[in-house]
Every structure is written in C-alpha cells, then in structure tokens.
Amino acid sequence: MKEKLQKIKEEATAAINDVNADLEQIRIKYLGKKGELTSVLRGMGQLSAEERPIVGQIANEVRAYIEEQLASLVEKQKAAATAKKLAAEKIDVTVPGTASSVGKLHPLTKIQREMENIFLNMGFTIAEGPEVEYDYYNFQALNIPENHPARDTQDTFYISDNVLLRSQTSPVQVRTMEKQAPPIRVISPGRVYRSDAVDATHSPLFHQLEGLVVDKGITMGDLKGTLALFAQTMFGSETKIRFRPHHFPFTEPSAEVDVSCFVCGGKGCRLCKGEGWIEILGAGMVHPEVLRNCNIDPDEYSGFAFGMGIERIAMLSYKIDDMRMLYENDIRFLSQF
Ligand code: DAH
C-alpha cells in the first residue's frame, strides 16, 4: 500500500509537471471522490492496527503534497499567462510613429474668416440670408426693377418667375433692414450665383461679403475710414484706397474701390498690370429709395454699403491666377495654404 501511495505521488508529480497539464483533470483523477488516493484510503480497513496510522499519515502527506503542487502550478500558469499577455501588449516607445495627416481649412474659408474677423473687430455682426431668394430681395427692393439693364450683368438661375439663386449678397441688406431698426452694422458673407461660363476669373458659384451700416449721420467719410482700415489690415499697413465714381442702382453716390498694389506699392507690376492699383469692391451710400423700401426714413437715417468678391480677395492675397484652382480640390494645390 505504501508503494501504491508512492506510485500515486510520482505519477501525480509527473502529470503536474507536464506544461500542458489540465489541472482540473489531475485534481479529479488523484484527489476526487472516485480518485486514486480515495480508493487507496478505502482499502485501509484491511490493514493491521499498527499499519493503519502509518499508511494514513503517508496518505495525508501525499494528499497535501499533491494539493500543494497543484496550487503552485495554478500560480505558475497564472504568471505565465500574465507574462504572455504583457509580451503581446508591449509597446516600443522608441519605434518611429506613423505620421497622421491633419486636414486644414480651404483657402477660401481661411480668407473669409480673416475678412470676417477684421469687421467683427470693428463692431460688425454677421447677418445671413437665403441663397434661394425672391426676385424682390435680389433686385426690386434694391432699386433694380424688372427690365432694368443692371439685371443683365447679374443673370442668374431661376427656380420660378420670382424665385432665383441670389446673384449677390446685397439682398441681405434689405432683409436686415426689414427686421432691425437702426443703428445697423452688419456684414454678410455667403455664396452667390450667376449664369456665367467657367474661366480663370468666372464661376457660376462664387462668394461675396456684403457690408451695411445705417445710422443717423453716416457719411461717405465713415465708408472711407471703414474700408481703409479693412484694406490696411488685409493687405498691409501701407495700403491706400482710391474711390472711382461708378453706378450701382442701390447706392448713391456709388464707387468702385481700389487698393494700392501691395506687391509693388503702386509703382506698377504684373499683379496690378502696371496700374499701381487693384480694384477690390463696389460701395456707396445706401440709396434713399432702398431705405424707404425697408421703412427707414432717409431724412432721418443714412447709411453706406459695400460688397466684394471673396475669391478675388483670396486670389490677390495668395497670388492665385486661376479661380478654377479654388474649386478643383487638388490636394497638391490646397495643401500649400
Ligand atoms: N452687389 C454688387 C455686385 O454684386 C456689389 C456691391 C456694390 C455691393 C455696391 C454693395 C454696394 O453693397 O454698395 O456687383
């Protein structure tokens, strides 16, 4: 019987030392109710009274030994599993990382925000209007009645006889004055549409930024000061502005405004085509008829307005000579800004 116990001990040890040992099966096989050790103990009745305690002690020792071995194997297996997991999750902080490419703003968006910020800093707020607009707001309220020749230069896309894609941001002037009593100081950037063929300087969809100020005692001097500050902030502190008489139906007097060429400083170069000046916008004093259309008394209030193309400002600022580049979404072009 002692030999039997010794054998059980040896076999169990061998089983436990097997790396792939299934602990639960070993436990059942040797220590379980129908296990080998139990069956030996059952046979103890046949032993003599002297032998019984000795064999009993050995049996207990063997049981304790196997239990101990099993327990230490459980620990070993746990440790091995943890080590394996750690090895698999190991991060080598010295390995060079894969660079992730960060997106950036489209040059038009950048310029628009830059322009907006200049005016926001002067106390303007941003007003918005619909791109799908009534003929009334886009033309009639701005003193451009049906059949007025000014409509020819702003041919656009019609949804119906009196609904169109706005050809300018100027309708936001009317919408703002209808909603808000003076003092008014707003800019309105956004998309506009014209039925133009695509070329280096034209696109059926482009962007404008409109400005409107209405209050008591607003003069052309306020318009000049505002635009001069804009030009100097946008193109450099040396920049001068120049007003040339022009005609817009919704302003009187009206002007086209040039900035001194910020490349040659006015001497004449390729950018300004030898002129020394670059046209950037249209402006003027809000026409009394437009004020009246919005229920503002022109005898009490006056105002100025201006409108400029955002593409044009972007092309000048970034020296882009073909407008189509701005819409082709070529990453080689866009990543330069
Ligand atoms: N809306 C004009 C255009 O698209 C630009 C313009 C000129 C806007 C004079 C104005 C303005 O507000 O006063 O050609």
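The values are calculated or read from the model by the stated rules, or taken from the named source; none is laboratory data. As the structure is a prediction and not an experimental result, all values here were calculated from the model. Every residue, glycine among them, receives a Cβ derived from its backbone with ideal geometry; neighbour counts consider all protein chains shown. We work out accessible area using only protein heavy atoms, side chains counted, and drop any ligands, DNA or RNA first. Shrake-Rupley method; radii C 1.70, N 1.55, O 1.52, S 1.80 Å.
Summary of computed values
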{"item": "Residues of the range 288-336 that turn out to be open to solvent by 50 Å² or more (accessible area, probe 1.4 Å), more than 16 Å from the ligand (Cβ to nearest atom) and outside any loop (DSSP other than H, G, I, E, B), as a count", "result": "6"}
{"item": "Verdict on Asp222 being over 23 Å from Pro171 (Cα atoms), within 16 Å of the ligand (Cβ to nearest atom) and either among the charged types (D, E, K, R) or open to solvent by 30 Å² or more (accessible area, probe 1.4 Å) (or both)", "result": "no"}
{"item": "Lone qualifier among Glu67, Glu114 - being acidic (Asp, Glu) and either at pLDDT 90 or above or under 30 Å from Lys179 (Cβ atoms) (or both)", "result": "Glu114"}
{"item": "Restricting the range 257-287 to residues that are open to solvent by 30 Å² or more (accessible area, probe 1.4 Å) and charged (D, E, K, R), the residue that is nearest to the ligand (Cβ to nearest atom)", "result": "Glu279"}
{"item": "Among the residues listed as Arg175, Arg191, Arg185, the single one being more than 12 Å from the ligand (Cβ to nearest atom), open to solvent by less than 60 Å² (accessible area, probe 1.4 Å), in contact (Cβ under 8 Å) with a residue 40 or more places away in the chain and not small (Gly, Ala, Ser)", "result": "Arg175"}
{"item": "Leading residue by the ranking (surrounded by the fewest Cβ atoms within 10 Å (Cβ to Cβ)) among those in the range 101-125 that are closer than 20 Å to Ala228 by Cα and of a type in the set (A, V, I, L, M, F, W, C)", "result": "Leu120"}
{"item": "Close pairs from the range 302-318: first free of Cβ contacts under 8 Å to residues at least 60 places away in the same chain, partner within 13 Å of the ligand (Cβ to nearest atom), Cβ under 7 Å, at least 6 apart", "result": "Arg312/Ile280"}
{"item": "Matching option when the condition is among the small types (Gly, Ala, Ser), open to solvent by 80 Å² or more (accessible area, probe 1.4 Å) and either away from the ligand (no atom under 16 Å from the Cβ) or not assigned by TED's automatic domain parsing to the domain that holds Ser317 (or both), among Ala64, Ala80, Ala71, Ala88", "result": "Ala88"}
